[in-house]
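Student: One structure is given below, represented as structure tokens, and several questions about it will come after.
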Amino acid sequence: MADTTLTPEELDALSAGVDSGEIEVDTGLNVHANVVKHDLTAEDSTLGINLSAIDMVNERFVRMFRLGLLEVLRTSPRVNLTKAKIMKFGEYLPDLKPPLSVTTIRANPLRGSSMVLIEPNIIFSALDNFFGGFGRGIGTLPPGRLFTPTESRIIKLMLDQLFMSLQEAWNPLLPVEIEAVGSEINPQFAQIVDENELVILTRCEIEIGQNVNGFIDIVYPYAAVKPYREMLKSRLRTGESDDEKDRAWIHNMELAAGDATLGAKVELAKVKIPVGAFEKLEEGQVLFFKKPDFARLIINDVPVYEVAVGTHGSQVGIRIENPIKPDDSNE
């Protein structure tokens, strides 16, 4: 078989021909096609508006979860929600120190397994509240410490409320059914995805009891939400721009506002006098002042119109003359 490898002299000659233009390079098929470079090893992490949809889910979840905890634990914690973010699972794990309440869940129809983590401080504060205490937390626990049956019962109460609230929060966008699959105390053993795969993290900063702070994390595999991103986009747009619902809401608000009552009064004039003169006022004393051109109609302590005051028979009435501009209301 003949050797087809080019010699260094031939390669130099070929390069010189290309540089000088003697050898055409724009030849062949589809030479003018637009080519986009694509890295097959890099996963697309652009959820776009899906993160906004997940933030909407999280906001609804927090409202319902707070009420649920109040009902079962007899305490209403402060919940500060952070924005959902995308990160590699391997970047998320190193910051977690066991023991934690790590529950693997399945949220059908989302494929794969998701994860819920509860920090021990939250668990022990909720336990103290449940039995009538002041919601005291706990210090550092040994990494291998297991939760007792009583502590596990409190965890189950919290998870039941969390699952119920999460289902209700997802329902307007995508009805889901959540069930617990397993539990661990070390998140390293709850490998819902490989460390190089992407996850969507939602963290709720919780303040409960006597200044006890902790967090609850909800972690979805990115691949579980990705198939539904177009549907989530359309649902989000529909929720934001439903003109018919907006008009109905505005109409109902107008009807409700029409039944509201406002306090109105007519201010004939203002008189400024020193405190000393005010203290010397007596019954029957006459105060002199320059009469303004118009009185003022004040509604809910806000000057609204200049009015003329008159009488008709035994009745006193006013006639609206001019609207009062906001800049003139303090004069």
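The values are calculated or read from the model by the stated rules, or taken from the named source; none is laboratory data. All of these numbers come straight from a predicted model, not from anything done at the bench. Cβ sites come from the backbone with ideal geometry, for glycine too, and all protein chains shown count toward neighbours.
Student: Can you find even one residue in region 72-79 that is hydrophobic (A, V, I, L, M, F, W, C), within 28 Å of Pro221 (Cα to Cα) and more than 22 Å from the chain's Cα centre (by Cα)?
Tutor: Within region 72-79, not a single residue is hydrophobic (A, V, I, L, M, F, W, C), within 28 Å of Pro221 (Cα to Cα) and more than 22 Å from the chain's Cα centre (by Cα).
Student: For a quick check of your reading: which strands (runs of 3 or more DSSP E) sit entirely within region 30-124 and have at least 3 residues that are modelled with pLDDT of 85 or more and out of contact with any helix residue (DSSP H, G or I) (no Cβ under 9 Å at 6 or more places or on another chain)? Explain how you work it out, then say what you get.
Tutor: Details: elements: 78-81, 85-88, 101-108, 114-118.
Here the list reads 101-108.
Student: Among Ala257, Ala295, which is the only one that is within 21 Å of Pro323 (Cβ to Cβ) and outside the structural domain of Pro323 (by TED's automatic domain parsing)? Working first, answer last.
Tutor: Values: Ala295 fails: outside the structural domain of Pro323 (by TED's automatic domain parsing).
Of the residues listed, the single one that is within 21 Å of Pro323 (Cβ to Cβ) and outside the structural domain of Pro323 (by TED's automatic domain parsing) is Ala257.
Student: On to the next question. Quick check on this structure: which one of Leu127, Leu117 is in contact with an Asp or Glu (Cβ under 7 Å, 6 or more places away or on another chain), surrounded by 21 or more Cβ atoms within 10 Å (Cβ to Cβ) and closer than 19 Å to Pro149 by Cα? Before you say what the answer is, go through the steps one by one.
Tutor: Working: Leu117 fails: surrounded by 21 or more Cβ atoms within 10 Å (Cβ to Cβ).
Testing whether each residue is in contact with an Asp or Glu (Cβ under 7 Å, 6 or more places away or on another chain), surrounded by 21 or more Cβ atoms within 10 Å (Cβ to Cβ) and closer than 19 Å to Pro149 by Cα leaves just Leu127.
Student: If we scan region 131-147, do we find a residue that is without any contact (Cβ under 8 Å) to a residue 12 or more places away in the chain and on the phi > 0 side of the Ramachandran plot?
Tutor: Yes, region 131-147 has at least one match.
Student: Identify, from the list Ile86, Ile105, Ile155, Ile122, the residue that is of a type in the set (Val, Ile, Thr), touching a Gly at 6+ places or on another chain (Cβ under 8 Å) and surrounded by 14 or more Cβ atoms within 10 Å (Cβ to Cβ).
Tutor: Ile122
Student: Give all pairs with beta carbons closer than 6 Å in which a residue from region 276-300 that is under 26 Å from Gly317 (Cβ atoms) meets a residue that is part of a loop (DSSP other than H, G, I, E, B); count only pairs at least 6 apart in sequence or on separate chains.
Tutor: The qualifying pairs are Leu287/Val271; Phe289/Ala269; Phe289/Val271; Pro292/Ala269; Ala295/Leu268; Ile299/Leu262; Asn300/Leu262; Asn300/Gly263.
Student: Oh, and also: Yes or no: region 196-204 includes at least one residue that is in contact with an Asp or Glu (Cβ under 7 Å, 6 or more places away or on another chain) and modelled with pLDDT under 85.
Tutor: no
Student: Going by the structure shown, is Gly135 in contact with a strand residue (DSSP E or B) (Cβ under 6 Å, 6 or more places away or on another chain) and closer than 17 Å to Asn213 by Cα? Write out each step before concluding.
Tutor: Details: in contact with a strand residue (DSSP E or B) (Cβ under 6 Å, 6 or more places away or on another chain): yes; closer than 17 Å to Asn213 by Cα: yes.
It is true that Gly135 is in contact with a strand residue (DSSP E or B) (Cβ under 6 Å, 6 or more places away or on another chain) and closer than 17 Å to Asn213 by Cα.
Student: Looking at Leu173, Leu166, which one is in contact with a helix residue (DSSP H, G or I) (Cβ under 7 Å, 6 or more places away or on another chain) and either in a helix (DSSP H, G or I) or at pLDDT 95 or above (or both)? Can you show your working first?
Tutor: Working: Leu173 fails: either in a helix (DSSP H, G or I) or at pLDDT 95 or above (or both).
Answer to the check: Leu166.
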